[in-house]
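The values are calculated or read from the model by the stated rules, or taken from the named source; none is laboratory data. Since the model is a prediction, treat every value here as computed from it, not as a measurement. Quick reminder, even Gly has a Cβ in these numbers, built from the backbone with ideal geometry, and neighbours come from all protein chains shown. What goes into the accessible areas is simple: the full protein's heavy atoms, side chains included, and nothing from ligands, DNA or RNA. Shrake-Rupley method; radii C 1.70, N 1.55, O 1.52, S 1.80 Å.
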Amino acid sequence: GGGDNLFLASIIALRPDTGEYVWHYQTTPGETWDYTAVQHMILADLNIDGSIRKVLMQAPKNGFFYVLDRQSGKVISAEPYVPLNWASHVDLETGRPVEIPGARYEESHTVIYPNTWGGHSWHPMSFSPITGLVYLPMIGGPEALASPKKFTYHQDHINTGIDYFKIYSITSDEMAKHPTIKVRIAAWDPVQGKEVFRIDSDSGYNAGILSTAGNLLFQGEASGEFAAYKADTGDKLWSSRANTAITASPITFQVDGEQYVTIVGGWGIYMGFFEGDSETRNDVDGVGRVLTYKIGGTGKLPNVSMIKKTVGDLPKIRATAEDLARGRALFAERCSWCHGVNAVGTGSVPDLRYTNIETHLSWNAIVLDGAYFSKGMPNFGKVLTKDQSKKIQAFVVDQSRQLRNTELSRERQTKTN
């Protein structure tokens, strides 16, 4: 019914002994873009304008880096750490963002950045009292958002309030006009409210960061690299292949006076949603593993072992371009949350592009009637019609055909070489 929707996208201070409320600060009142404020919070004592201030620092998804007085909750500074276009600035008197008209896409579609993945997500940032810098694993890019003409609430199902068909009608040329961030690490000065240096990345998604008293930064990469940098300059000092993607944050510890660094690797989240099943790649195996390093370590990683997958027989489904477009939009709304954007697949549930013919023949029993409910597959019979289910299936089959054509092309190229 309107209003700020407390305590959505908020930082809340409570007394742990009693649960007594002390203060709250809402980063994004009436939040509409999935700009959560659950990101890493760092407590520090900073010299600001000649006075030592007890502060709380956070870089939530909305793109502003906040420095709050952690005793009162008052905003000290809030500066953009990534390009953003939903608000012009944060009013330090009221603490509220000054929104740009149309950003809530009420009337028409709007291209917003950062997107719903945020400028920074759950991956921990790190603060070094030695350099005075916060090391931020940045992400961020544009995303088209559009409201449906009529919103219908569905009990026990995802309700996004998004018109995906309208979104997918937006051209790639229009999207390309807006900035995309590929920054592995941004070194942020919280006192000056500005970026000092950055380490670029080939990935659109980044891992958590560890900074140490030895002027080091450690961070992994979706590509499978684990690396160390100088904290004061960002110069790379060392790197090693993990043979699996890394998004977690490293830890360091000592045993018998010897220091170790440990990181968890695995496949999923961004990689699964956008890059497909790791088994279809030849540079990482996607196996979850715990990796521990030390100076002079001599351990060897196992070789990347791949499982060959091929697209099997597919049902003959006639579908127009309009059918496929509708199927893509319906898939995004109902299926992508588990099966990946554009049916590219994830590491935790089946990649639908490899669906066998027997499963396709039972499609409606699975999708509409709940035949796989005991396996974790929801029953969509109350939110999808048979015609909509058929369009989704046609889209998945089309994605399978495209993948098979790619596989055949690679085989021909290999034989030619």
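Quick rundown of the values:
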item: Only listed residue being polar (S, T, N, Q) and either in contact with a Lys or Arg (Cβ under 7 Å, 6 or more places away or on another chain) or within 30 Å of Ser211 (Cα to Cα) (or both), chosen from Thr171, Thr160, Thr152, Thr180; result: Thr180
item: Only one of Gly234, Gly286, Gly272 that is open to solvent by less than 60 Å² (accessible area, probe 1.4 Å), in a loop (DSSP other than H, G, I, E, B) and modelled with pLDDT under 80; result: Gly286
item: Count of segment 116-152 residues which are among the small types (Gly, Ala, Ser), farther than 30 Å from Gly234 by Cα and assigned to a loop (DSSP other than H, G, I, E, B); result: 2
item: Looking only at segment 1-20, and only at residues there that are more than 25 Å from Arg104 (Cα to Cα) and part of a loop (DSSP other than H, G, I, E, B), the one that is most open to solvent (accessible area, probe 1.4 Å); result: Asp17
item: Given (1) open to solvent by 40 Å² or more (accessible area, probe 1.4 Å); (2) touching a residue at least 12 places away in the same chain (Cβ under 8 Å); (3) not polar (S, T, N, Q), number of the condition Leu403 does not satisfy; result: (1)
item: Residue identified as without any contact (Cβ under 8 Å) to a residue 12 or more places away in the chain and either in contact with a Gly (Cβ under 6 Å, 6 or more places away or on another chain) or over 28 Å from Ile158 (Cα atoms) (or both) among Gly296, Gly288, Gly345, Gly312; result: Gly296
item: Matching entry among Tyr35, Tyr25 (being among the hydroxyl-bearing types (Ser, Thr, Tyr), in contact with a Ser or Thr (Cβ under 6 Å, 6 or more places away or on another chain) and in contact (Cβ under 8 Å) with a residue 60 or more places away in the chain); result: Tyr35
item: Scope segment 192-206; condition open to solvent by less than 60 Å² (accessible area, probe 1.4 Å) and either of a type in the set (A, V, I, L, M, F, W, C) or more than 23 Å from the chain's Cα centre (by Cα) (or both); matching residues; result: Gly193, Phe197, Ile199
item: Condition met for Ile162 (β-branched (Val, Ile, Thr), at negative phi, in a loop (DSSP other than H, G, I, E, B) and open to solvent by less than 30 Å² (accessible area, probe 1.4 Å)); result: yes
item: Options Ala242, Ala213, Ala187: the member that is surrounded by 15 or more Cβ atoms within 10 Å (Cβ to Cβ) and at pLDDT 90 or above; result: Ala187
item: Listing of strands (runs of 3 or more DSSP E) fully contained in segment 28-115 that carry 1 or more residues being crowded, with 19+ Cβ neighbours inside 10 Å; result: 51-58, 64-69, 75-80, 87-90, 97-99, 110-112
item: Residues of segment 358-379 classified as open to solvent by 100 Å² or more (accessible area, probe 1.4 Å) and of a type in the set (Phe, Trp, Tyr), total; result: 1
item: Tally of residues being closer than 15 Å to Pro83 by Cα and assigned to a loop (DSSP other than H, G, I, E, B) across segment 172-219; result: 8
item: Sole residue being more than 22 Å from the chain's Cα centre (by Cα) and either in contact (Cβ under 8 Å) with a residue 40 or more places away in the chain or open to solvent by 80 Å² or more (accessible area, probe 1.4 Å) (or both), chosen from Leu324, Leu352; result: Leu324
item: Verdict on Ala329 being of a type in the set (Gly, Ala, Ser) and in a loop (DSSP other than H, G, I, E, B); result: no
